[in-house]
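Data block below; observations after.
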Amino acid sequence: MQPQKIVLTTLPSEGEFVNWTTPKFFDPTKVNKYMPLGILSLASNLPEKYETVILDPSSEGWSIDQTIEKIEQEKPDILGISAVTRRVYALNEILKKTSPPYKTVGGPHATYHAEQILEKGADSVFRGPIADLDFKQAINFLPKGIIDCQTKINEINFPKRELLKIEDYFPRESLLFKAENRLPLFSSIGCPNKCVFCNVQSKKIQFKDPKIVVDEMEYLYSIGCKSVHVLDDNFNVGRKHLRGILEEREKRGVDFEWSGRGQTRTDLSLTKRLADNGLVRIHVGIEALDNKILDFFNKNENVEDVYRFCESMNANNVGILAYFISGSPAETETYRKQLPEKIRELGIKLPFFNILFPEPDTEYYYSLLREGFYKKDFWGEYLKSPTPYFEIPYPYGESKKNEIIDYTNRLIEEFKQK
């Protein structure tokens, strides 16, 4: 029998592993919802003959039991789950306690841990950054096992935001900046950089055709968005891609504001043109203002690059939201004392401070294992049998952890917007 009803869902946050990366000050999840573009895209590329229901427990604040109850109420023929590793406990509970005849999983967690997901009760796992057309094909015959996705970014429709209540996803609170009715889009997938703390699933970039990117920008504006945020892993790494978007905006006379998430090493000859085309802010992972620390992070930049980047953005009135990471073993007390003044010298008014965390499937975590800071594979054991709210030990001791947390909180307090 052909399936008639499909439920696509994110995972609830209940039970997710403890992550000290982002200090509580920067956590807006209690007031802001984050649009699930992955499952929205899947739904937007399915034939209309299917009844498709989208659930977003992570935004709604549902518990695991509430999520299971919502799924069971819908009585779907197919349950599709978008999974991230920090919520593997919730994933396993939902796979175990729901009754749809066919359960499938995709998302970042599936790329690294497909076999384990099958062992926990999934019928199939979609492995790869884009699954839309693979999923569309698979629902006709419901394959078992691992499906290695072949979908390309320019083969699919962009997500129809009207499948959700759009106004619920406009930010209700802005911590560092104000952007009216802000909504995200992706203009590319993947990042070629190999920063040791990052587990981005695709190191090969797929760029969306600039015409499609601007089509989506105009669509977002037509449904009430006033500020588009390009949520790519690295939106400005491709010079040709960036030029293409600018050319398309200029040709159509598009002038509403936008922002993007990228890197400091980029074509700075484009900065004025970006500003003239409505770019109001760029979010960049600077991470540190010391070359030894940047080398430890394996960042594809140096301090000189950062200074040139900031000078160019400031000269053209493009705001900089800069991410910094505390807690590198290459960090010195002198560096910590000097960092606030260096940030001010660079004209960075929106610093965002994180704490170095050994995420699963990162080079940083594997280096801690190799060098003996961890005597056993904590993440390996956890993923085989996850427990709620697991917290991996701090690799350099609890007193050091408290020291770094206190230091980071002092930085936040010093730069807090008055």
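Anything in segment 347-388 that is among the acidic types (D, E) and on the phi < 0 side of the Ramachandran plot? List them, or say none.
Passing the criteria: E359, E363, E371, D377, E381.
So for segment 195-216 (the condition being closer than 20 Å to F309 by Cα, modelled with pLDDT of 95 or more, out of contact with any helix residue (DSSP H, G or I) (no Cβ under 7 Å at 6 or more places or on another chain) and surrounded by fewer than 16 Cβ atoms within 10 Å (Cβ to Cβ)), does at least one residue qualify?
no
If you check L79 against the conditions, is it over 25 Å from V18 (Cβ atoms) and touching a residue at least 60 places away in the same chain (Cβ under 8 Å)?
Yes: the conditions hold for L79.
Is it fair to say L294 is closer than 29 Å to N19 by Cβ, of a type in the set (A, V, I, L, M) and over 25 Å from the mean Cα position of the chain (by Cα)?
Values: closer than 29 Å to N19 by Cβ: yes; of a type in the set (A, V, I, L, M): yes; over 25 Å from the mean Cα position of the chain (by Cα): no.
For L294, the condition - closer than 29 Å to N19 by Cβ, of a type in the set (A, V, I, L, M) and over 25 Å from the mean Cα position of the chain (by Cα) - is not met.
Output the residues belonging to segment 171-188 that are more than 22 Å from P351 (Cα to Cα) and either touching a Pro at 6+ places or on another chain (Cβ under 7 Å) or in the same structural domain as D56 (by TED's automatic domain parsing) (or both).
Listed by number, the list is empty, since nothing qualifies.
What tally of residues in segment 56-81 results from selecting those that are part of a helix (DSSP H, G or I) and modelled with pLDDT under 95?
Residues of segment 56-81 that are part of a helix (DSSP H, G or I), as a first pass: 57-60, 64-74.
Subset that is modelled with pLDDT under 95: 58-60.
Residues that pass the stated criteria total 3.
If I filter segment 36-43 for residues that are of a type in the set (S, T, Y), touching a residue at least 60 places away in the same chain (Cβ under 8 Å) and in contact with a helix residue (DSSP H, G or I) (Cβ under 6 Å, 6 or more places away or on another chain), do I get at least one hit?
Yes, segment 36-43 contains a residue that is of a type in the set (S, T, Y), touching a residue at least 60 places away in the same chain (Cβ under 8 Å) and in contact with a helix residue (DSSP H, G or I) (Cβ under 6 Å, 6 or more places away or on another chain).
Report yes if N298 is touching a residue at least 60 places away in the same chain (Cβ under 8 Å) and surrounded by fewer than 20 Cβ atoms within 10 Å (Cβ to Cβ), otherwise no.
Considered against the rule, which asks whether it is touching a residue at least 60 places away in the same chain (Cβ under 8 Å) and surrounded by fewer than 20 Cβ atoms within 10 Å (Cβ to Cβ), N298 comes out as yes.
If Q150 satisfies all but one of (1) in contact (Cβ under 8 Å) with a residue 24 or more places away in the chain; (2) more than 23 Å from N354 (Cα to Cα); (3) surrounded by fewer than 18 Cβ atoms within 10 Å (Cβ to Cβ), what's the number of the condition it fails?
(1)
With the requirement that a residue be modelled with pLDDT under 90 and either among the hydroxyl-bearing types (S, T, Y) or within 20 Å of S58 (Cβ to Cβ) (or both), what does segment 149-194 give you?
P171, R172, E173, S174, L175 - these are the residues of segment 149-194 that are modelled with pLDDT under 90 and either among the hydroxyl-bearing types (S, T, Y) or within 20 Å of S58 (Cβ to Cβ) (or both).
Tell me which residues, restricted to segment 164-194, are surrounded by fewer than 19 Cβ atoms within 10 Å (Cβ to Cβ) and in contact with a Ser or Thr (Cβ under 7 Å, 6 or more places away or on another chain).
E180, N181
Residue-by-condition table, conditions (1) loosely packed, with under 14 Cβ neighbours inside 10 Å; (2) hydrophobic (A, V, I, L, M, F, W, C); (3) under 19 Å from L268 (Cβ atoms); (4) touching a strand residue (DSSP E or B) at 6+ places or on another chain (Cβ under 8 Å):
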site: I320; (1), (2), (3), (4): no, yes, yes, yes
site: P351; (1), (2), (3), (4): no, no, no, yes
site: Y365; (1), (2), (3), (4): no, no, no, no
site: L368; (1), (2), (3), (4): no, yes, no, no
site: G372; (1), (2), (3), (4): yes, no, no, no
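If we scan segment 179-188, do we find a residue that is touching a strand residue (DSSP E or B) at 6+ places or on another chain (Cβ under 9 Å), within 19 Å of S259 (Cβ to Cβ) and among the hydroxyl-bearing types (S, T, Y)?
Yes, because at least one residue in segment 179-188 is touching a strand residue (DSSP E or B) at 6+ places or on another chain (Cβ under 9 Å), within 19 Å of S259 (Cβ to Cβ) and among the hydroxyl-bearing types (S, T, Y).
The values are calculated or read from the model by the stated rules, or taken from the named source; none is laboratory data. Here the structure is a predicted model, which is why all the values come from computation and not from measurement. When we count neighbours, we look across all protein chains shown, and the Cβ atoms used for this are built from the backbone with ideal geometry, even at glycine.
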